[in-house]
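Peer 1: Dumping the structure here so I can ask a few things about it.
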Amino acid sequence: MAESDDDVFFAALENQCKIIELALQSKCNMNQQIREEARQALGELKSSVYRDFVMIKSEKFVEACKESLKDAMLDLPKKTYSSVVAQSLGEKLNKPPRKASCCSVLIATENCNSGDVRKLFKAQVNPRKEMIGIRHVKEISDNRILINCASEEDREKLMTTIEANPKFLKPTVPKRKKPTMMIRNVPNDVADSELLDIIQEQNPEILVSNECWKESRVRFVLKKFQHVRTV
């Protein structure tokens, strides 16, 4: 508290103590007015002491929390640049190089349902013996099974193993879906073919990295406004 606050507090405390003192000295001759003043002074005294005690206690509690937080921060081990980089590289190394869907094989056979194809696969191929990493086998439509291999190398091993005895099983690599993208604010006076040419001119690396760009097309208009559209 400030010095002025202290002076006011102690002056009030002294005055209330005098009132209580006077009431106590009167003993049995205490009249009604002195009794009420003593009771009121005692209540104000308790209230003042409790209020200032709570304020001081809260201030000390905040300071104690700050000091505790400082001590906790000092006790924490400091991270070095090498430890942060090592952790980041470790996370990248633990991730699979490619998605499992990129290492899949479709297997089918004539006049058999998916369950029979799965049984024939288990009878003909021993992944543990051939050291082929397989994540899981799933029965799908058109009387086929989908096998997700652990890597492209495992997929090649599986294809070679099955093709060595192509009596029953016929393996194929599933075709990957073409990527799609949405383009907003295309002027309505720009035709679809012209839009593809503009995209190609602005992104020349497409011809180098994507051989299927010639098959690209605008599928449909998602939204059309007065001057622009979304395709």
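The values are calculated or read from the model by the stated rules, or taken from the named source; none is laboratory data. Quantities reported herein were computed from a predicted structural model and do not represent experimental measurements. Quick reminder, even Gly has a Cβ in these numbers, built from the backbone with ideal geometry, and neighbours come from all protein chains shown.
Peer 1: List the residue pairs whose Cβ atoms are under 7 Å apart, where the first residue sits in the range 97-125 and is surrounded by 11 or more Cβ atoms within 10 Å (Cβ to Cβ) and among the basic types (K, R), the second is at pLDDT 85 or above and not in a loop (DSSP other than H, G, I, E, B), and the two are 6 or more positions apart or on different chains.
Peer 2: Sorted first by the residue in the range 97-125, then by its partner, the pairs are R118/V137; R118/E139; R118/I145.
Peer 1: Could you tell me which numbered condition R184 fails, if it satisfies all but one of (1) surrounded by 12 or more Cβ atoms within 10 Å (Cβ to Cβ); (2) in contact (Cβ under 8 Å) with a residue 40 or more places away in the chain?
Peer 2: Going through the list (1) surrounded by 12 or more Cβ atoms within 10 Å (Cβ to Cβ); (2) in contact (Cβ under 8 Å) with a residue 40 or more places away in the chain, R184 breaks only (1).
Peer 1: Additional query: Going by the structure shown, is S141 hydroxyl-bearing (S, T, Y) and loosely packed, with under 15 Cβ neighbours inside 10 Å?
Peer 2: On the way: hydroxyl-bearing (S, T, Y): yes; loosely packed, with under 15 Cβ neighbours inside 10 Å: yes.
When the stated conditions are applied, S141 passes them.
Peer 1: Of the residues in the range 95-123, how many are at pLDDT 70 or above and either within 18 Å of L158 (Cβ to Cβ) or hydroxyl-bearing (S, T, Y) (or both)? Break it down into steps so the answer makes sense when it comes.
Peer 2: So the first thing to find is which residues in the range 95-123 are at pLDDT 70 or above, and the list is 103-123.
Still in the running and either within 18 Å of L158 (Cβ to Cβ) or hydroxyl-bearing (S, T, Y) (or both): 103-109, 114, 117-123.
Adding up the residues that qualify gives 15.
Peer 1: Step by step: first the residues of the range 104-116, then only those that are in contact with an Asp or Glu (Cβ under 8 Å, 6 or more places away or on another chain) and not in a strand (DSSP E or B), then the one that is nearest to S141 (Cα to Cα). Which residue is that?
Peer 2: Step one: of the range 104-116, the residues in contact with an Asp or Glu (Cβ under 8 Å, 6 or more places away or on another chain) are 108-109, 114-115.
Cutting the leftovers down to not in a strand (DSSP E or B) gives us 109, 114-115.
On the way: T109: 13, S114: 8, G115: 11 Å.
Per the stated criteria, the residue is S114.
Peer 1: When you scan the range 204-211, do you find a residue that is under 16 Å from C103 (Cα atoms), among the β-branched types (V, I, T) and either within 36 Å of the chain's Cα centre (by Cα) or not in a helix (DSSP H, G or I) (or both), even just one? Walk me through it before giving the result.
Peer 2: Step one: filter the range 204-211 for residues under 16 Å from C103 (Cα atoms), giving none.
No; the residues of the range 204-211 include none that is under 16 Å from C103 (Cα atoms), among the β-branched types (V, I, T) and either within 36 Å of the chain's Cα centre (by Cα) or not in a helix (DSSP H, G or I) (or both).
Peer 1: Considering only residues of the range 152-192 that are in contact with a helix residue (DSSP H, G or I) (Cβ under 6 Å, 6 or more places away or on another chain) and assigned to a loop (DSSP other than H, G, I, E, B), which is farthest from R217 (Cα to Cα)?
Peer 2: That would be F168.
Peer 1: When T230 is evaluated against the numbered criteria (1) surrounded by 13 or more Cβ atoms within 10 Å (Cβ to Cβ); (2) within 30 Å of V117 (Cβ to Cβ), which criterion, by number, is the only one it fails?
Peer 2: Going through (1) surrounded by 13 or more Cβ atoms within 10 Å (Cβ to Cβ); (2) within 30 Å of V117 (Cβ to Cβ) one by one, T230 breaks only (2).
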